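In what follows, a single structure is set out as structure tokens and then discussed.
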Amino acid sequence: MLYTFMVYIALSVFAIGLIYSLSSWFRFNVGINADGMTPWARIRAAIKGIVGLFNKEKLTVLGKVFVFDILLQNHIQKQDRLRWIMHMLIFSAFMFLFIFHALDQIIVTPIFDRFYLMMNPWLIIAGLILLTGLSISLYRRYILKVPRLKTSGMDLYTIIILLLIILSGLFMEMTKITSYEYYQKIWWVHIVVCLFGLAFLPFSKMFHMFTTPLSLLANAVMDENSDPANIATRQVMELDACTHCNTCSRHCSVAVASDHLGNDTILPSERMIFLKEYVANKNISSKKLAAIGQGIYLCTNCDRCTVVCPAGINLRELWFSAREELVRNKPPVDLMLTPFSYFRGLNHRRIDQEQYDIPLENVKSMLTSGCDFSAEMDVAPIVLNQGSHEFHEALGLSKRIESFTYCFSCENCSTVCPVVTNYAASQQSLDLLPHQIIRSVALGLKEMATGSKMLWNCLSCYQCQEHCPQGVKVTDIFNTLKTVSLKTTSSTGKK
């Protein structure tokens with residue numbers, strides 16, 4: 001009676017947790033993909049997408065992913081052989097025990113009616129295999145100390161609960177024919193631990209047993225042109241699919257900044273933990289937002305994390321969505337001085353134009369508050385004063401910056417500029433074009449050179465610099481002008 005009651009309680013909690021987790025995939029949203037969409041609209045889109053998978057081409061792709069990436073775990077094998085051995089030991093032994101032990105009354109007992117009266121050596125072997133896999137996990141974390149492999153509370157819970165289940169199971173099986181009294185006591189311990197693990201599974205890291213295969217399958221048949229509703233659903237699911245293995249952090253191009261600044265959220269794997277908290281509760285502390293903001297704007301969009309992720313998570317798209325939401329809703333940041341400015345500009349067609357401009361206008365307003373050119377362009381002439389020499393000295397006049405003297409206004413830099421080509425009326429929208437800014441520098445017109453919208457819209461893509469026939473370091477000059485403007489703003493006390 002007590003056993004039946006405990007089973008029903010555990011199954012009920014598991015079902016509630018499963019429903020809550022699955023519903024969160026349709027209720028929550030990472031970033032911008034499902035703005036204004038209801039959960040029911042996203043559910044309908046998901047059903048339509050699943051139905052669309054039933055064709056020969058996509059079924060073939062899904063079959064290959066299931067065999068090579070889910071069963072054989074090739075993603076892990078390519079990155080770390082020891083970790084692959086650990087996963088295969090745990091995965092194979094766990095599945096064997098689940099089928100031939102947890103489901104014994106359904107599968108085994110009908111075939112072998114005296115199953116409970118004899119010790120099963122196969123269960124002991126499977127338990128020892130699983131124990132070996134867990135031992136390798138502990139060895140990697142606490143002895144080998146894999147770089148940037150951080151152990152969270154959920155990681156410890158997963159290891160401990162699996163150890164308790166397997167150790168109690170081994171002792172139970174070995175006492176089956178030696179002492180019925182001890183067997184009964186250990187049996188209860190084993191059952192309680194197993195049922196607790198089952199009940200807590202949807203709320204724990206172990207939920208990735210289901211979500212990681214789903215992530216691998218979904219990303220195999222989806223791309224950036226898929227239904228935005230399904231992309232939004234997939235991205236929330238990917239937060240559950242993350243195993244916190246830290247493979248992405250080990251390959252991150254800016255991971256060294258985390259070591260230097262002491263900010264763990266710069267690391268992609270730690271950022272995933274933050275995002276999972278953020279999508280469920282948008283009202284997080286300003287300290288956490290500042291920490292994650294630092295990681296978001298340092299990211300170089302090199303895509304290494306996406307390539308190496310063993311769960312198949314499209315981290316590049318996940319970062320893009322999350323960053324876009326943050327730059328819309330949070331106070332202005334030096335967006336245009338980060339690598340994200342370039343990546344965001346390249347993807348501007350994926351963003352509503354009005355929403356795309358809002359954070360840019362906020363940042364430009366903050367950074368150019370000390371420059372009067374834009375504000376006074378229509379009401380006052382530009383005065384050619386005697387300040388050109390001081391302005392040139394303020395630029396530092398390194399050999400790269402001094403290259404502005406080679407410019408003969410061929411306009412090649414303006415012709416290849418992606419910012420200029422984005423506007424139908426570029427002159428009116430940007431104040432000055434790139435070649436005009438360079439001429440302003442040559443003339444010593446500080447307010448004009450540092451106050452133009454073009455300067456602050458620059459994506460730092462280096463197209464202008466690469467195509468200049470005179471070798472003018474256009475982008476480097478723009479970066480120096482921004483620095484001069486920031487110093488001027490700081491010295492005047494304006495923010």
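The values are calculated or read from the model by the stated rules, or taken from the named source; none is laboratory data. Everything quoted here is computed from the prediction, not taken from an experiment. With ideal geometry, Cβ positions are generated from the backbone for all residues, glycine too; neighbour counts draw on all protein chains shown.
Annotations
- When Val67, Val61 are checked against the criterion of being in contact (Cβ under 8 Å) with a residue 12 or more places away in the chain and within 16 Å of Pro213 (Cα to Cα), a single residue qualifies: Val61.
- Within the stretch 282-302, residues that are within 15 Å of Met272 (Cα to Cα) reach partners that are part of a helix (DSSP H, G or I) and among the β-branched types (Val, Ile, Thr) with beta carbons closer than 7 Å, at six or more positions or on different chains, in the pairs Ala291/Thr265; Ile292/Thr265; Gln294/Ile266; Gly295/Thr265; Gly295/Ile266.
- Yes/no for Asp259 being surrounded by fewer than 17 Cβ atoms within 10 Å (Cβ to Cβ), among the acidic types (Asp, Glu) and farther than 21 Å from Phe91 by Cβ: yes
- All positions within the stretch 283-320 that are outside any helix (DSSP H, G or I) and among the hydroxyl-bearing types (Ser, Thr, Tyr): Ser285, Thr300
- Leu53 meets the conditions (1) in a helix (DSSP H, G or I); (2) closer than 30 Å to Cys248 by Cα in every case but one. The failed one is (1).
- Hey, Val236 in the same structural domain as Leu130 (by TED's automatic domain parsing) and either within 30 Å of Phe54 (Cα to Cα) or in a helix (DSSP H, G or I) (or both) or not: no
- A residue that is basic (Lys, Arg) and not in a helix (DSSP H, G or I) cannot be found anywhere in the stretch 137-144.
- Residues (in contact with a Gly (Cβ under 8 Å, 6 or more places away or on another chain) and modelled with pLDDT of 85 or more) located in the stretch 458-495: Leu459, Cys461
- Scanning the stretch 19-74 for residues that are touching a Lys or Arg at 6+ places or on another chain (Cβ under 7 Å) and farther than 30 Å from Ala199 by Cα yields a single hit, Ala34.
- Condition check for Gly36: surrounded by fewer than 17 Cβ atoms within 10 Å (Cβ to Cβ) and either over 24 Å from Glu324 (Cβ atoms) or touching a Cys at 6+ places or on another chain (Cβ under 9 Å) (or both): no
- Count of residues meeting criterion [hydrophobic (A, V, I, L, M, F, W, C), surrounded by fewer than 21 Cβ atoms within 10 Å (Cβ to Cβ) and either in contact with a Pro (Cβ under 6 Å, 6 or more places away or on another chain) or closer than 21 Å to Thr415 by Cβ (or both)] in the stretch 441-485: 3
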